[in-house]
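Data first, discussion second: the structure below is written as structure tokens.
The values are calculated or read from the model by the stated rules, or taken from the named source; none is laboratory data. Everything numeric in this text was worked out from a predicted model, so none of it was measured. Glycine gets a Cβ as well: all are built from the backbone with ideal geometry, and neighbour counts include every protein chain shown. Just so you know, the surface numbers come from the protein's heavy atoms only, side chains and all, with ligands and any DNA or RNA stripped out. Shrake-Rupley method; radii C 1.70, N 1.55, O 1.52, S 1.80 Å.
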Amino acid sequence: MLMISPDTFKFLADLAKHNQREWFQEHKDRYEKAHENIIAFAGDLIDELSKVGIGVDASLDPKKCVMRIYRDVRFSKDKTPYKTNMAIGRLTKNKVGEIGYYLQIEPGNKSFLAGGYWMPQGDHLKAIRQEIDYNAADLIRIIDAADFKKTFVDFRAQESLRTVPKGYDAENENIDLLKLKSFIAYRDLTDKELSEKDAVNMVAKLCVKLHPLNMFLANTIQ
């Protein structure tokens, strides 16, 4: 099993200090090595997840699961050209591509693993809220399970509306869930955890714990 190389963390830390095209070009070889490390890690992770029946296909191309490091600065005040993290996503083939597993690697103990659906819009958000209104018990059974609460940051502590969503009553017993803007569970990861030899296995086990949340959301929308 692979791990995230200390050289990858070092490159990203240096990139954060020198986020300029000239510096990046001068250190392109370091970027390529870091990029290959993340692709290899993604490959091992896909292989591991494909064995445990959580909707990850062994045929997924790890290169396509690694996010671009180049930022889209067209509409941003921040014109720095590169992200200071590397990420692995697109790890499921359900009909709702936004639902899946997402691993972000960033030095300084800023890495994390997340699952669920970040900022759903339109019909997807409406469907999730309707399912919570009609059948909150299934979601609550997942997010309030002792192991889930111990492993992930408080699900209910995500960004939420200040007002009651249209069509719902402030006295609804699940109004805290109905007001959520995202339906994400995540766990922070340290540099040390991702640098250990069993890092892929550790991340895979966390994905297994996230799977019921992903299934609830995907089934709600499909």
Among the numbered criteria (1) buried (at least 17 other Cβ atoms within 10 Å of the Cβ); (2) assigned to a loop (DSSP other than H, G, I, E, B); (3) among the acidic types (Asp, Glu), which single criterion is violated by Asp72?
-> (1)
Checking Gly116 against (1) of a type outside the set (A, V, I, L, M); (2) buried (at least 18 other Cβ atoms within 10 Å of the Cβ); (3) in contact (Cβ under 8 Å) with a residue 24 or more places away in the chain; (4) at negative phi, which test does it fail?
-> (4)
How many residues are closer than 30 Å to Lys205 by Cβ, out of contact with any Gly (no Cβ under 9 Å at 6 or more places or on another chain) and open to solvent by 40 Å² or more (accessible area, probe 1.4 Å) when one looks only at the range 1-31?
-> 5
Got at least one residue in the range 167-179 being open to solvent by less than 10 Å² (accessible area, probe 1.4 Å) and either part of a helix (DSSP H, G or I) or free of Cβ contacts under 8 Å to residues at least 40 places away in the same chain (or both)?
-> yes
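For Phe152, are the conditions met, namely being out of contact with any Asp or Glu (no Cβ under 9 Å at 6 or more places or on another chain) and surrounded by 15 or more Cβ atoms within 10 Å (Cβ to Cβ)? Spell out the reasoning first.
Numbers: out of contact with any Asp or Glu (no Cβ under 9 Å at 6 or more places or on another chain): yes; surrounded by 15 or more Cβ atoms within 10 Å (Cβ to Cβ): yes.
The answer is yes for Phe152.
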Of the residues in the range 88-113 that are small (Gly, Ala, Ser) and surrounded by fewer than 20 Cβ atoms within 10 Å (Cβ to Cβ), the one that is nearest to Lys166 (Cα to Cα) is Gly97
Determine whether the range 15-32 contains at least one residue that is touching a residue at least 60 places away in the same chain (Cβ under 8 Å) and assigned to a loop (DSSP other than H, G, I, E, B).
-> yes
